[in-house]
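Here's the structure we're looking at; comments come further down.
Read the figures in this text as sums done on the coordinates, not as results from a lab. Being a predicted model, the structure only gives us computed values, none of them experimental. Neighbour counts run over all protein chains shown; Cβ positions are idealised from the backbone, glycine included.
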Amino acid sequence: MDNVASVGKAHAVEAHAHHHEEELSFLRKYVFSVDHKWIGIQYGITSLLFLLFGFSLMMIMRWQLAFPGRPIPLIGPYLGEANAPGGIMLPEFYNQLGAMHGTIMVFMGVVPLAVGAFGNFVVPLQIGAPDMAFPKLNMLSYWAYFVGGVVMLSSFFVPGGAANSGWTSYAPLSVLATQGQTWWLVGMIFLITSSLLGALNFIVTIIQLRAPGLTWMRLPFFVWAQLVTAFLLLLAFPPLEAAGVLQLMDRLAHTSFFLPSGLVVGNKPLEISGGGSPLLWQHLFWFLAHPEVYVLILPAMGIVAEIIANNTRKPLWGYKAMVYSVIFLGFMSFAVWAHHMFFTGMGTVISAFFQTTTMIISIPSVIILSALFLSLYGASIRFTTPMLFALAFLPMFGIGGLTGLPLGLASSDIPLHDTYYVIGHFHYVVAPGTLMALFGGIYFWFPKATGRTMNDLLGKIHFWGSFVCINGVFMPMFIQGLAGVNRRLYDGGMQYAHAKDVLHWNTFMSYSAWGLAFFQIFFIINFFWSMKAGRKVSDNVWSATTLEWAAAPSPPPHGNFLTPPAVFRGPYEYSVPGHEADYLPQNQPTKA
Amino acid sequence: MQIPYTVEARPDTGLPNPKLGIWLFLASEVMLFGALFSSYILLRVSAPAWPHGYQELNVPLATLNTVVLIASSVTMVMSWAQLKMHNLARARMYLWLTVTLALVFLVVKFFEYGSHFAAGEYPEHSTFLAIYFTLTGLHGLHVLGGVIVNSYLAGPGAAMWRTEPEQYTNRVEVAGLYWHFVDLVWIFLFPALYLL
C-alpha cells in the first residue's frame, strides 16, 4: 500500500507541473515532436505509405507472374530501360522488387505500424503515463527509422538497382551482389538502431510509468503483447546488426566471413582469403528473423484482444493464461530459428531439436487463439467495423498458424520448402492476419487520436472487399505450392512441367491483388475524409474500460490526462452483475 | 509536463528510469558482442588451421591497454564517489582522467593497427585478421562513444550540478555502467584474440 501511495504522490507533483507550458513552434510540434501521440501518428502515416509502396512493388510483380513477357501497362514505360526495356520486366528487376517488397513490408511497414505507431500512441495512454519514459529518445527512433527508409528507397537509383538477393540476403549471393546490397545493409543498420531505441523505451515506460494501482495482472493484454515484443526487438535485433556489420566487412573490406574457400564465379575463382561460412549468415539472420515473426504477430494479437473484449462486452476468456502464454512465447521464440534451415545440411540431430522446439512454441499460440475464440462464446457481439477486422483475424491467423506445422516438421518440410506454400503460409500470418488486425486497430483508436469516428459504411466496404480479395491472393498459393511450384521464378514457373496444371491460378491471384488495391481506396478516402469531417464523438465512444478511453479526452492533450489516473480494477470488467452500466472503467473506485 | 521517476527511484521497482534504460541497453550490447563472439568461435572451430593470437598480435601492447582500461574503470567509479561526497571539482578531475586513459587506449590501438597495415596485414588477408579488426574496431568505436559522453559530462554537462545535483550524479553513474561494460568487453576480447 505504501508503494501505491508514494507512486500517487509522484504523479500528483507531475500533474502540477503540467499547467506551465509554452506554445511550441510548428517545427517542434509537428516535425521534431517529442509527444508520444504525435510520434505514434508520424510512425503510422510513414509506415502506411511504405505499406502502400511495398504493395505497389508486388502489384508490378503480379503482372509479370500473370502475363510473363508482356509489357507492363500504365507504368511500364517509366520503369527505365535498365529495368524494363519496352515495359517488359527483366529478371534482375523482378529480383529487386522481390527483395525490396519483403524488406519494406516487414521492416518498414508492418513492424513500425504495429510497434512504432500503435505502441507509441496507445501504450502510455493505457498505462496512465503522461508520455514515454524518454521522449527525446523516442523522437530519435522515429528519425532513425525515417533515414533508414530513405536510404532503402534511394537504393533503387544506384547502379545495378536495389538489393536483389531476397529479403533474407543470403550469403554468398548477397556478398557478390550489386551496390544496392551495401545500401540495404546501411539502411538496415538505421532501422535496427531505431527498433533498439524504441524497444528500450517501451520496456522502461511499461515497467516504470504504470499509474498507481495498475499492477501486472491489471495490464491490458495489448500492453503485455507490446512488452514481450519490445524484449524480442531488444535482444534479437543486435545479432542481425552483428551480421550486417560482418557482411559490410565482406563487401567493403573484402573479408571472407561468409565466403567459403574455393568459390568460383563465372568460371573464375574468386580472389579471397576464404574460410568463411555461408551458414553463419543464415544462423545470425534467423536468430533475429524468427523472433521477428512474433514481433509481427504479438501486437496484432494485443489489438484483437482489446477489440474483442470491448465488442463482446465480456471479460477476455482466460486472461491470465493468455499472459503466461505470451511470456512463454517470447522465451521460446529464441529457440526455434533453425527450422528455417532444415535444408542447409546442418544435420538431423539439430533438425530434430529445432522441430521439437517448433512444435512446443505452437502451444502458447494456440492457447491465445483459443482464448480469443472462447471469448466470443455466449456474447452479444457488436459488429462494429473494428470488430469485423478482429473477427477476421482469428480464422486468418488460424490458417496461417496451422499451415506452418508441416513446415516446422523436418520431413514434411522437404517437399514444401521454397515453394509457394511457404509464401502462402507466412502471408496468411502477416497479411490477412496481422494487417487485418492493424486495420481494425486503426478504426478502433482513430476516434481517440482525432475525436471523430471513421465512416462505418466505407469501413465495411473496405473490410468485405479486402477480406474476399486477400484470400483470393493467398489461398491459391497453397495449391501451387503443394504442386511444387518454386517461389522465386520470375515467370511464375512456365518452364516446369509440374507447374502446368496450376499456373492458371496466377491470373486469378493477380486480379485479386489488384482488387485488393481497389478496396484500399475506400480506406484512404475514409481516413482523410474522417479526419476533417467525421462524426464528432465523446471521449469514450466504445464504452470501454481501459484508461485511454475512460480517463483521457479525445484527442488527449500534451501530458495525456487532466488529472493523473489511478487504477482500481482489472482491464476488462464488462457486464459486471449489479451495475447499471455494462462496463466498469479501470479508474472507477470501488465503493466501500 | 514532467515524466515521473527520471531522478528518484520508483518505490516498487527500486530504479529510476535511466538506470533501467542503461541496463536494457547493455543487455542488447551483450547480444551484439555475443553474436560476434559466437561467430568467432564458429569460424575458428570450423577452420582447418587457425593462427594463435600471440604469434600474430602484439601481446605486450595489449596487456598495457588492458591495464589502462581497468585503471579508467577505477577513475570512473572514483568520479561518481566524489559526486556522492559533493565534491564536483575532484569528480570532474577523475572524469577527465578517465577520458585521458581512454584516449591512451585508442592511441595505442592506433599504433597497433598501423604496424599491421605497414606489414601488409589487412582484414582481407585472413579470417583471423578479419575478425580481429572487426571486433577490436567495434570495441574501439564503443571506447570513442565513451570518450564523447564522458567529455560532455566533465565539460559542458557539468553545469547541471548547480541546478540538479542528483540527476547529474545519476548521469555519471549511468555513463559509468556503460564504461564498465566497454571495459568488460575488452577483458573478454584480450584473451580470446591475443592469448588463445
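A few notes on this one:
- By the rule of a C-alpha distance below 28 Å, with chain neighbours fewer than 8 residues away ignored, the lysines paired with A:Lys591 are A:Lys9, A:Lys314, A:Lys320.
- From the C-alpha gyration tensor of segment B:1-132, square roots of 5λ in Å: 38, 23, 11
- Overall form of segment A:356-496 per C-alpha gyration tensor (a/c, 1.5; a/b vs b/c): oblate
- Intensity falloff of segment B:84-126 expressed as log10 I(q)/I(0), Debye formula with alpha-carbon point scatterers, at q = 0.25 Å⁻¹: -0.83
- Convex hull (Cα only) mean projected area of segment A:29-151, reported in nm² to one decimal: 8.6
- Taking the square roots of five times each eigenvalue of the Cα gyration tensor of the protein assembly as shown, the equivalent ellipsoid has semi-axes of 41, 40, 23 Å, listed largest first.
- Sites matching chymotrypsin sites (Phe, Trp or Tyr not before Pro) across segment A:65-168 that sit in DSSP coil, with at most 16 neighbouring C-beta atoms within 10 Å: none
- Since only A:Trp167, A:Gln42, A:Ala230 are under comparison, the one whose Cα sits farthest along the positive direction of the charge dipole of chain A, derived from C-beta charges on Lys, Arg, Asp and Glu, is A:Gln42.
- With the helix formula -39500 (n - 2.57) applied to DSSP H stretches of n ≥ 4, chain A reaches a computed 222 nm mean residue ellipticity of -20000 deg cm²/dmol.
- The chymotrypsin sites (Phe, Trp or Tyr not before Pro) found in segment A:370-434 that occupy coil by DSSP, while having at most 14 further C-beta atoms within 10 Å, are A:Tyr377, A:Phe383.
- Using θ = phi - 60° and Karplus 6.51 cos²θ - 1.76 cosθ + 1.60, couplings along segment A:200-213 (whole Hz; Gly, Pro as x): 4, 4, 4, 5, 4, 4, 5, 6, 9, 9, 5, 5, x, x
- Semi-axes of the equivalent ellipsoid for segment A:358-435, Cα gyration tensor, largest first, Å: 28, 15, 7
- The mean number of partner chain beta-carbon atoms within 10 angstrom of a residue's beta-carbon across peptide B:29-35 is 6.
- Gyration tensor verdict on segment A:532-591 (Cα atoms; rounded if a/c is under 1.5, prolate if a/b is larger than b/c, oblate otherwise): oblate
- Annotation for segment B:1-101: GluC sites (Glu not before Pro) lying in DSSP loop with at most 16 further Cβ atoms inside 10 Å of their Cβ are B:Glu8.
- Set of lysines near A:Lys532 by C-alpha distance (under 17 Å), chain-local residues within fewer than 8 positions excluded: A:Lys448
- Our note on the geometry: Cα centres of segment A:206-226 and segment A:113-190, 28 Å apart.
- Helix-only CD estimate at 222 nm, as mean residue ellipticity for chain B, using -39500 (n - 2.57) per DSSP H run (n ≥ 4): -26000 deg cm²/dmol
- Shape category assigned to segment A:179-246 from the gyration tensor of Cα positions, a/c cut at 1.5: prolate
- Candidate aspartates and glutamates - alpha carbon under 14 Å from A:Lys136, same-chain residues fewer than 8 apart omitted: A:Asp35
- Exposed loop sites here mean GluC sites (Glu not before Pro) with a DSSP loop assignment and at most 14 other beta-carbon atoms within 10 Å; chain A contains its longest site-free run at A:272-579.
- In this structure, the residue pairs whose Cα-Cα separation is over 27 Å, taken from A:Lys37/B:Lys19; A:Lys37/B:Lys84; B:Lys19/B:Lys84; A:Lys29/A:Lys536, are A:Lys37/B:Lys84.
- Once backbone amide H atoms are built at 1.01 Å from N, A:Tyr583 has A:Ser575 as its partners under 5 Å, excluding neighbours fewer than 5 places away on the same chain.
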